[in-house]
Amino acid sequence: MKSLAGALLLLLAAQDPEPRQPPPDPFVVKVSDMVRARIASIVSQASGSKVKFEDALARAAKLDEEILAESAQKLGLSPDEVREAWKKREKKPRKTGFGDGSWIVLGGQDGGLDSDVKGTPVQDTTDLVGGGPSILTRRKKPPPPEPVPLGKPLKTKDEWWATSTSTERAAYVESEWVRKSSLVEMKEETKKCPTCSGKGTVAIKRGGIGLTAVCSRCHGAKDDVLLAWD
Ligand SMILES: [Zn+2]
């Protein structure tokens, strides 16, 4: 029985290795290759180090038109002809996401301090363990009598953009475009921020005082936004 089933499988495999796939239309392949190349090129331009964040977002919002227009021009077609051919493309799934800039689209805290807690920092306990210089240090710098803010600044959107790598900025622009594009289909999902395990806050000690601070990675937004598109 086993050998008979095996022989049948072999026969089937030999007859129909790629079941009923029509050969790709060379015109569609040419257009979709061009469109993919234009997407990569425009996303890269829009996320350059000299581009301001707001300008990158404005460009992402118009990316569909720009992709169609550039592809059409290079192929000697109309934008509508490009759009129609692109609809018949062979799908090539791609993954992207907002990464550690996800807080910006999720409404995380934009700048400001990560904690409102004020306190009088406790001197480092190592000062108490003998040694001349540490005693001098303690005498020179007595603890301030007034409580001081213990919060540390979180990045603003513009600071996030300016301090991100070109890869991170490109992924952000691509994601921004994918979310609104009429050219592609996309699926969106979230993943817990790895720094705070999806809590949005972290328990830390500053100046010897325990406090709860807004997570410096997700800015309280708790999640990363991941996108799959094709
Ligand atoms: Zn977090």
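Please treat every number below as a calculation from the coordinates, not as lab data. Everything numeric here is computed off the predicted structure, so don't read it as measured data. So basically every Cβ, Gly included, is an ideal-geometry build from the backbone, and we count neighbours across all protein chains shown.
Annotations for the structure displayed:
- Enumeration of residues in segment 163-180 that are basic (K, R) and in a loop (DSSP other than H, G, I, E, B): none
- G198 being away from the ligand (no atom under 16 Å from the Cβ) and on the phi > 0 side of the Ramachandran plot: no
- Looking only at residues in segment 201-229 that are small (G, A, S) and within 16 Å of the ligand (Cβ to nearest atom), the one that is surrounded by the fewest Cβ atoms within 10 Å (Cβ to Cβ) is A203.
- Applying a threshold of 6 Å to beta carbon distances and a minimum spacing of six or more residues, or different chains, the list of pairs starting in segment 149-168 at a residue that is over 13 Å from G111 (Cβ atoms) and ending at one that is part of a loop (DSSP other than H, G, I, E, B) and among the hydrophobic types (A, V, I, L, M, F, W, C) reads L150/V117.
- Of all residues in segment 157-194, those being within 16 Å of the ligand (Cβ to nearest atom) and crowded, with 18+ Cβ neighbours inside 10 Å number 2.
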